[in-house]
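This report concerns only the one structure given below.
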Amino acid sequence: MHQLLKQIFVTGNKTEAAPEPDENLRVISQRLEKAMLDTLGRALVIRHIDAGSCNGCELEIHALGNPYYNLEALGIRFSASPRHADLLLVTGPVAQNMVVALQRAYEATPEPKLVVAVGDCGCHDESVFGKSYATCGRVSNIIPVDVAIPGCPPTPLALMQGILTVISGK
Amino acid sequence: MKLLDQALDFEPLPGPLKAWRAVVNEGQLLAFAKAVKQTGGRLVSLWGSDERDHNCDHNRDHSRQCGFTLHVAFAISEGLALLTLALSAENPAYPDLAEIFPTANRLQRANFDLLGIRATGGDPRPWLRHANWPANFFPLRRDVDGSQQFEIHNEEYAFVTVEGEGVHEIAVGPIHAGAIEPCHFRFSIVGEKVLRLEQRMGWVHKGIEKRLEQLPLAAGYKLAGRVSGDSTVAYAWAYCLAAESLSGCTPPPRALWLRALLLERERIANHLGDLGFLGNDAALAFGFSQFLRLKEDWLRLSGELFGHRYLMDCIVPGGVACDLSADGSTQIFRQCDAIEREVHILAGIYEEHAGLQDRFLTTGQLTPELAAELSVSGLAGRASSQPWDLRTQNAIAPYDQLDTRIITQRNGDVAARVAVRFDEVFESLRLIRCILTQMPQGECRVPLPPAADGAFAIGWIEGWRGDVLVALEAGAQGAIRRCHCHDPSWHIWPALEHVIMGNIVPDFPLINKSFNLSYSGVDI
């Protein structure tokens, strides 16, 4: 226990400043009103859905929980159920075999059903995987998308920026 | 040449790997498979190809009799033995190998779904095909262009049910509670105890092998490097090794040393992350914070020096797309010292933490016998006394000059897989220092010469999870005719179904994480 406490003390606080929102990441204009944004404020719940990713984007989503990015300190946390979520964070491309699951998760999510598409394959049809018998391309082909965060994979800072953009006013 | 005293004439495959190929008939395939099993070898992969477009009259290669072919790769002490069996166009069937190697089951089912070649008497259930393309649509056939899209359905899959007093089922997925990949787990349980687990996979099938056939040989490395994002270096190297071997290209020595540096950096990055998540899954959030901090430091330096945090697209046909300056080398040396110091401290804390050890010890035990039976290799195999490691057993440059120590444990439980990760971090740190010290100067990339139509080679690389295999055949005018990518997880997922039996449901996430298998890599 002594070593553990010492390690915590020696490590100190590593958390860095969060990035500013970026309006360029929006796919559709802000559909939340000020009252709603104030309510969501800094208490956003995210449900992550891998709809066909190579697992690269998931690695960076994991990194959001490390002490440098410390997403939870901003009041943003991940939920195990779409029923508790304000926002779906979807990585793609959307595999044909995941379409039903993705649609069901979207239906189970309460309003305002915010959706962020993650990664080059989640944002574009012309990704490395393309469209085929097995993949139906970008996330917005299946469910409406508010913000798209490109990158292969997008960095944790880019992910934070995209998520913060969804809940920022104009 | 002869292997395992079988009356087969093996020809060496091109390239630096110890790998041979023989064209066989059904009886010879079965006899060889049995000999592999008896001598402690294992099944690596199994795939097929459509050769119906070849002109029989002008074709002297017996493996192509204008039907389909089955390829089966085995790991034996001499190296890799590849057996090729010709199948007829009208009735493409082959003997069920799952009788000898149980983990052939899923590979055979996937091959039927993609190509329509069937194991006689094998499990007839689909694997990669859910209800989203018709049963008579075989995407890897050459007369199918693969761009068709079909109506989406929700599949009713025939899970095996367990009956008895108090038995009930827990259905999990495809979307899981954490930020992980999709798969459906069907648990049959009594109280807290797991009686049976059945996995339904294939959810993130992306048609990668069909897509590869539409790419130039020189460009396929990018897609191969995204079969499983956490193993991008291993896949890209395996792909490039195959592409270089079949076109007679030898990358410059410095490029090979840089590739090994990248591969060991990928191994350490993943091990650091897993050690953090394993602490977290046993309710020690301290471990998660500490190891994820170290992983972030590691990734940031990778991004700074090589242009990508996970090293995607750094390995290219003919060499590497990056170089390392003397200053960069100094930074890596310094980082290795810092990480080693901290991991030693954290290893001590994990070791002495009674609550953590209570969760780790005897949990999710994979016995050496079962690991051997299921052809389990890689990290999971080494934690169950299966000393497979290509870095020593089929060492290509620069590993032939590095003397890698194979890390093994005997207990096969979560604790053993944690211990292997700790020791492999230290061993990889040692290797990185050796690489930086011995790496020659010179150029980093040469052009990839044109490959002959039909040229074939194998790439086989020890990734952090286990051995990644890429089998590549060139087509006409610089195209890919066929490319098969194999993840070691194919053999370890079935092992997970066994080791969970008798454990309690709350230990499943911990056990699953201790293997940390790829979903995307097997769904391809």
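The values are calculated or read from the model by the stated rules, or taken from the named source; none is laboratory data. Please read all numbers here as calculations on a predicted model, not as lab measurements. Every residue, glycine among them, receives a Cβ derived from its backbone with ideal geometry; neighbour counts consider all protein chains shown.
What single numbered condition from (1) farther than 19 Å from A:Asp38 by Cα; (2) hydroxyl-bearing (Ser, Thr, Tyr); (3) out of contact with any strand residue (DSSP E or B) (no Cβ under 8 Å at 6 or more places or on another chain); (4) more than 9 Å from every other protein chain (Cβ to nearest Cβ) fails to hold for A:Ser132?
Unmet for A:Ser132, out of (1) farther than 19 Å from A:Asp38 by Cα; (2) hydroxyl-bearing (Ser, Thr, Tyr); (3) out of contact with any strand residue (DSSP E or B) (no Cβ under 8 Å at 6 or more places or on another chain); (4) more than 9 Å from every other protein chain (Cβ to nearest Cβ): (4).
All but one of (1) under 20 Å from the mean Cα position of the chain (by Cα); (2) in contact (Cβ under 8 Å) with a residue 40 or more places away in the chain; (3) within 19 Å of B:Leu517 (Cβ to Cβ) hold for B:Gly273; state the number of the condition that does not hold.
(2)
Going by the structure shown, is B:Arg300 basic (Lys, Arg), surrounded by fewer than 23 Cβ atoms within 10 Å (Cβ to Cβ) and either under 22 Å from the mean Cα position of the chain (by Cα) or closer than 13 Å to A:Glu60 by Cα (or both)?
Yes: the conditions hold for B:Arg300.
If you go through the range B:483-496 one residue at a time, do you hit one that is over 28 Å from B:Ala372 (Cβ atoms) and buried (at least 22 other Cβ atoms within 10 Å of the Cβ)? Spell out how you get there, then give the answer.
Of the range B:483-496, the ones over 28 Å from B:Ala372 (Cβ atoms) are B:483.
From what's left, buried (at least 22 other Cβ atoms within 10 Å of the Cβ): B:483.
Yes; the residues of the range B:483-496 include at least one that is over 28 Å from B:Ala372 (Cβ atoms) and buried (at least 22 other Cβ atoms within 10 Å of the Cβ).
Quick one: in the range A:135-144, which of the residues that are at the interface with chain B (Cβ under 10 Å from one of its Cβ atoms) and hydrophobic (A, V, I, L, M, F, W, C) is surrounded by the most Cβ atoms within 10 Å (Cβ to Cβ)?
A:Cys136
Residues to consider are A:Gly151, A:Gly162, A:Gly137; find the one that is part of a helix (DSSP H, G or I), of a type in the set (Gly, Ala, Ser) and at pLDDT 95 or above.
That would be A:Gly162, the only listed residue that is part of a helix (DSSP H, G or I), of a type in the set (Gly, Ala, Ser) and at pLDDT 95 or above.
Where the second residue is surrounded by 11 or more Cβ atoms within 10 Å (Cβ to Cβ) and of a type in the set (Val, Ile, Thr) and the first is touching a residue at least 24 places away in the same chain (Cβ under 8 Å) and lies in the range A:24-35, which pairs have Cβ atoms under 7 Å and are six or more apart or on separate chains?
Cβ pairs passing all conditions: A:Leu25/A:Val147; A:Leu25/A:Ile149; A:Leu25/A:Thr165; A:Arg26/A:Val147; A:Arg26/A:Thr165; A:Val27/A:Val145; A:Val27/A:Val147.
What pairs come out if I take residues in the range B:142-157 that are more than 7 Å from every other protein chain (Cβ to nearest Cβ) and closer than 25 Å to B:Phe68 by Cα and pair them with residues that are of a type in the set (D, E, K, R) and part of a loop (DSSP other than H, G, I, E, B) whose C-beta lies under 9 Å away, six or more apart or interchain?
B:Arg142/B:Glu51; B:Arg142/B:Arg52; B:Arg142/B:Asp53; B:Arg142/B:Glu213; B:Asp143/B:Arg52; B:Asp143/B:Asp53
Return only the number of the condition from (1) in contact with an Asp or Glu (Cβ under 7 Å, 6 or more places away or on another chain); (2) away from every other protein chain (no Cβ under 14 Å) that B:Trp127 does not satisfy.
Failing condition for B:Trp127: (2).
Go through B:Asp323, B:Asp358 for me and flag whichever is assigned to a helix (DSSP H, G or I), more than 10 Å from every other protein chain (Cβ to nearest Cβ) and either modelled with pLDDT of 95 or more or crowded, with 21+ Cβ neighbours inside 10 Å (or both). If you could, list the steps in order and put the result at the bottom.
Values: B:Asp323 fails: assigned to a helix (DSSP H, G or I).
The conditions single out B:Asp358.
Would you call B:Leu305 part of a helix (DSSP H, G or I), away from chain A (no Cβ under 13 Å) and either at pLDDT below 95 or touching a Gly at 6+ places or on another chain (Cβ under 6 Å) (or both)?
Values: part of a helix (DSSP H, G or I): yes; away from chain A (no Cβ under 13 Å): yes; either at pLDDT below 95 or touching a Gly at 6+ places or on another chain (Cβ under 6 Å) (or both): yes.
It is true that B:Leu305 is part of a helix (DSSP H, G or I), away from chain A (no Cβ under 13 Å) and either at pLDDT below 95 or touching a Gly at 6+ places or on another chain (Cβ under 6 Å) (or both).
Among the residues of the range B:422-438, are any in contact with a Gly (Cβ under 6 Å, 6 or more places away or on another chain) and not basic (Lys, Arg)? If you could, list the steps in order and put the result at the bottom.
Here is the first cut: in the range B:422-438, the ones in contact with a Gly (Cβ under 6 Å, 6 or more places away or on another chain) are none.
The answer is no, given that none of the residues of the range B:422-438 is in contact with a Gly (Cβ under 6 Å, 6 or more places away or on another chain) and not basic (Lys, Arg).
Check off (1) in contact with a Cys (Cβ under 7 Å, 6 or more places away or on another chain); (2) at pLDDT 95 or above for A:Ser127 and give me the number that stays unchecked.
Only one criterion in (1) in contact with a Cys (Cβ under 7 Å, 6 or more places away or on another chain); (2) at pLDDT 95 or above is unmet by A:Ser127, namely (2).
Listed here are the residues, each with its yes/no results for (1) touching a Lys or Arg at 6+ places or on another chain (Cβ under 6 Å); (2) surrounded by 11 or more Cβ atoms within 10 Å (Cβ to Cβ); (3) basic (Lys, Arg); (4) not in a strand (DSSP E or B).
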| position | (1), (2), (3), (4) |
| --- | --- |
| B:Gly146 | yes, yes, no, yes |
| B:Phe150 | no, yes, no, yes |
| B:Asn154 | no, yes, no, yes |
| B:Phe159 | yes, yes, no, yes |
| B:Gly164 | no, no, no, yes |
| B:Ile170 | no, yes, no, no |
| B:Ile175 | no, yes, no, yes |
| B:Ala179 | no, yes, no, yes |
| B:Arg186 | no, yes, yes, no |
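Of everything in the range B:210-223, what is more than 10 Å from chain A (Cβ to nearest Cβ) and either within 30 Å of A:Val100 (Cβ to Cβ) or assigned to a helix (DSSP H, G or I) (or both)? Give them in sequence order.
B:Leu212, B:Glu213, B:Gly220, B:Tyr221
Among the residues of the range B:408-467, what is the count of those that are closer than 20 Å to B:Leu256 by Cβ and without any contact (Cβ under 8 Å) to a residue 60 or more places away in the chain?
4
Can you say whether B:Gly79 is modelled with pLDDT of 95 or more and either surrounded by fewer than 16 Cβ atoms within 10 Å (Cβ to Cβ) or touching a Pro at 6+ places or on another chain (Cβ under 8 Å) (or both), as far as the supplied structure shows? It would help to see each step written out before you state the result.
On the way: modelled with pLDDT of 95 or more: yes; either surrounded by fewer than 16 Cβ atoms within 10 Å (Cβ to Cβ) or touching a Pro at 6+ places or on another chain (Cβ under 8 Å) (or both): no.
The answer is no for B:Gly79.
Restricting attention to the range B:507-524, and to residues there that are more than 15 Å from B:His184 (Cα to Cα) and more than 14 Å from chain A (Cβ to nearest Cβ), which single residue is surrounded by the most Cβ atoms within 10 Å (Cβ to Cβ)?
First, pick out the residues of the range B:507-524 that are more than 15 Å from B:His184 (Cα to Cα): B:507, B:510-511, B:513-516, B:521, B:524.
Next, only the ones that are more than 14 Å from chain A (Cβ to nearest Cβ) stay: B:507, B:510-511, B:514-515.
Values: B:Asp507: 19, B:Leu510: 20, B:Ile511: 21, B:Ser514: 29, B:Phe515: 23.
If we take residues in the range B:507-524 being more than 15 Å from B:His184 (Cα to Cα) and more than 14 Å from chain A (Cβ to nearest Cβ), then B:Ser514 is surrounded by the most Cβ atoms within 10 Å (Cβ to Cβ).
Hey, among B:Leu311, B:Leu262, which residue is more than 9 Å from chain A (Cβ to nearest Cβ) and part of a helix (DSSP H, G or I)?
Only one candidate qualifies: B:Leu262.
Within the range B:379-406, work out how many residues are in a loop (DSSP other than H, G, I, E, B) and surrounded by fewer than 19 Cβ atoms within 10 Å (Cβ to Cβ).
From the range B:379-406, those in a loop (DSSP other than H, G, I, E, B) are B:383-389, B:394-398, B:402-406; that's our starting set.
Next, from what is left, pick out any that are surrounded by fewer than 19 Cβ atoms within 10 Å (Cβ to Cβ): B:385, B:387, B:397, B:403, B:405-406.
Residues in the range B:379-406 being in a loop (DSSP other than H, G, I, E, B) and surrounded by fewer than 19 Cβ atoms within 10 Å (Cβ to Cβ): 6 in total.
Assess whether B:Glu497 counts as being among the acidic types (Asp, Glu), farther than 22 Å from B:Leu256 by Cβ and touching a Leu at 6+ places or on another chain (Cβ under 7 Å).
Working: among the acidic types (Asp, Glu): yes; farther than 22 Å from B:Leu256 by Cβ: yes; touching a Leu at 6+ places or on another chain (Cβ under 7 Å): yes.
Judged against the criteria, B:Glu497 is a match.
Just the residues that are within 8 Å of another protein chain (Cβ to nearest Cβ) and touching a Phe, Trp or Tyr at 6+ places or on another chain (Cβ under 7 Å), please, taken from the range A:60-95.
Scanning the range A:60-95 gives A:Ala63, A:Pro93, A:Ala95.
I want to confirm something. Restricting to the range B:171-209 and keeping residues that are among the basic types (Lys, Arg) and closer than 19 Å to B:Arg129 by Cβ, which single residue is farthest from the other protein chains (Cβ to nearest Cβ)? Spell out the reasoning first.
So in the range B:171-209, the residues among the basic types (Lys, Arg) come out as B:186, B:193, B:196, B:200, B:206.
Checking which are closer than 19 Å to B:Arg129 by Cβ leaves us with B:186, B:200, B:206.
Details: B:Arg186: 15, B:Arg200: 10, B:Lys206: 5 Å.
Per the stated criteria, the residue is B:Arg186.
Looking only at the range A:115-129, how many residues end up being in contact (Cβ under 8 Å) with a residue 40 or more places away in the chain and either within 13 Å of A:Ile49 (Cα to Cα) or within 8 Å of chain B (Cβ to nearest Cβ) (or both)? Break it down into steps so the answer makes sense when it comes.
Initially, the range A:115-129 is screened for residues in contact (Cβ under 8 Å) with a residue 40 or more places away in the chain, giving A:116-119, A:121-122, A:129.
Those still in the list that are either within 13 Å of A:Ile49 (Cα to Cα) or within 8 Å of chain B (Cβ to nearest Cβ) (or both) too: A:116-119, A:122, A:129.
Within the range A:115-129, residues that are in contact (Cβ under 8 Å) with a residue 40 or more places away in the chain and either within 13 Å of A:Ile49 (Cα to Cα) or within 8 Å of chain B (Cβ to nearest Cβ) (or both) number 6.
Can you run down the residue pairs with Cβ atoms below 6 Å, 6 or more apart or on separate chains, where the first is in the range B:283-296 and facing chain A (nearest Cβ under 7 Å) and the partner is polar (S, T, N, Q) and crowded, with 23+ Cβ neighbours inside 10 Å?
Here the result reads B:Leu292/A:Asn66; B:Arg293/A:Asn66; B:Glu296/A:Asn66, each pair linking the range B:283-296 to a residue that is polar (S, T, N, Q) and crowded, with 23+ Cβ neighbours inside 10 Å.
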